[in-house]
Amino acid sequence: MKNITKFEKVSFTQFLNDAKNFNQNDMMIIYNDINLPKRATKASAGYDFYMPFDVELKPNESIIIPTGIKCQMNEDLVLIIVPRSSLGFKYRLQLDNTIGIIDSDYYNNSQNEGHIKIKLSNLSLDNKTLILNKGTSFAQGIFLTYSKTIDDDVKEARRGGFGSTNQN
């Protein structure tokens, strides 16, 4: 199977819609400055995701970060999103869903462009405020191969974004 795994920016319209709660002056400049995820070293497992703008997260606060990123990948891959370990260690920074799962069919499905948004919470017990500046790496994505059972006969196609495959 040919490897098609790659990160891309979502459209400006999608980014603007998903970042509407952030009162930024020039969203086109912010969008143009979005960095695609990349590994820090040749032995790094994770691809770092970078802040598109400055954020201050006080203890016990949560925020949804519109990364401006989507990911095309082979059908047998999943992208796992986790916080940078140093931020978890220093601030108890956590993803609100504990771990992010980005399936291959999240990318450009019939009702969703595949924008990867990451919800973070600062659960600091030391009353530390976390400041994440534009361009700072704050999460990482790790690609994993997965298997299906021999009797798996699912034919349903994804239509939508987060939570779209569950009736609850």
Self-check item: Residue in the stretch 139-157 that is closer than 26 Å to Gln14 by Cβ and modelled with pLDDT under 90 present
Solution: yes
Practice problem: Please give the strands (runs of 3 or more DSSP E) falling wholly within the stretch 97-161 in which 2 or more residues are of a type in the set (Lys, Arg). | Solution: 116-122
Self-check item: Looking only at the stretch 132-153, and only at residues there that are in contact with a Phe, Trp or Tyr (Cβ under 7 Å, 6 or more places away or on another chain) and not hydrophobic (A, V, I, L, M, F, W, C), the one that is farthest from Glu61 (Cα to Cα)
Solution: Gly141
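With the condition kept exactly as written, say whether any residue in the stretch 52-63 is out of contact with any His (no Cβ under 9 Å at 6 or more places or on another chain) and modelled with pLDDT under 90. Walk me through how you get there before you give the answer.
Narrowing the stretch 52-63 to residues out of contact with any His (no Cβ under 9 Å at 6 or more places or on another chain): 52-63.
Subset that is modelled with pLDDT under 90: none.
No, that holds for no residue.
The values are calculated or read from the model by the stated rules, or taken from the named source; none is laboratory data. Only a predicted model underlies this, so the values are computations on that prediction, with no experimental measurement involved. When we count neighbours, we look across all protein chains shown, and the Cβ atoms used for this are built from the backbone with ideal geometry, even at glycine.
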